[in-house]
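A short write-up of the structure that comes next.
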């Protein structure tokens with residue numbers, strides 16, 4: 001499994017200036033998914049995203065899927081007055097409508113309110129630098145949902161910095177392993 005670099009160039013990320021500002025992991029990462037009506041929306045704790053703000057959308061397959069991870073960009077269109085997915089919204093999250101082109105409605109994307117640099121794909125993981133943080137993204141399944149995570153550092157010493165669960169509402173074959181539930185250290 002080799003690494004693939006230079007992804008996202010066709011998506012317009014390469015032309016953006018590198019920003020080394022800090023990102024707030026707890027606020028700047030969320031999920032972008034289609035709700036039961038098929039409309040995509042963003043759920044994120046960042047409540048101040050303005051229309052026109054670009055976000056990165058990352059899809060990472062679970063272990064065993066034949067597809068490779070992908071990264072796209074989206075643009076905030078509007079803040080929504082109510083949650084777009086009552087089942088999966090968490091406390092203190094805000095909902096946004098985002099323009100992101102044609103997406104697969106069955107995929108749940110990790111959304112980051114920062115532009116990526118140095119995007120790399122290795123197997124089913126995607127790594128990129130966001131602001132001053134190098135992050136690796138993964139997903140796995142439990143019995144009825146998906147677990148998403150972002151990790152900092154290099155194996156075997158990497159540490160989870162963000163985790164999020166998405167309830168699917170139907171049974172799936174579990175692929176998560178013990179490390180996927182490793183507690184985030186403050």
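Numerical summary
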read-out	value
For residue 131: the one exception among (1) surrounded by 18 or more Cβ atoms within 10 Å (Cβ to Cβ); (2) at pLDDT 90 or above	(2)
Strands (runs of 3 or more DSSP E) wholly inside the stretch 38-79 that include at least 2 residues being touching a strand residue (DSSP E or B) at 6+ places or on another chain (Cβ under 9 Å), free of Cβ contacts under 8 Å to residues at least 60 places away in the same chain and within 13 Å of residue 104 (Cα to Cα)	54-59
Matching residues, the stretch 157-173, being surrounded by fewer than 16 Cβ atoms within 10 Å (Cβ to Cβ) and under 19 Å from residue 107 (Cβ atoms)	165, 167, 169, 170, 171, 172, 173
Residue check, residue 69 exposed (fewer than 15 other Cβ atoms within 10 Å of the Cβ) and either more than 20 Å from residue 168 (Cα to Cα) or modelled with pLDDT of 95 or more (or both)	no
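The values are calculated or read from the model by the stated rules, or taken from the named source; none is laboratory data. Computed from a prediction, not measured in an experiment: that's the story for all the values here. Using ideal geometry, Cβ is built from the backbone for each residue, glycine included, and neighbour counts are taken over all protein chains shown.
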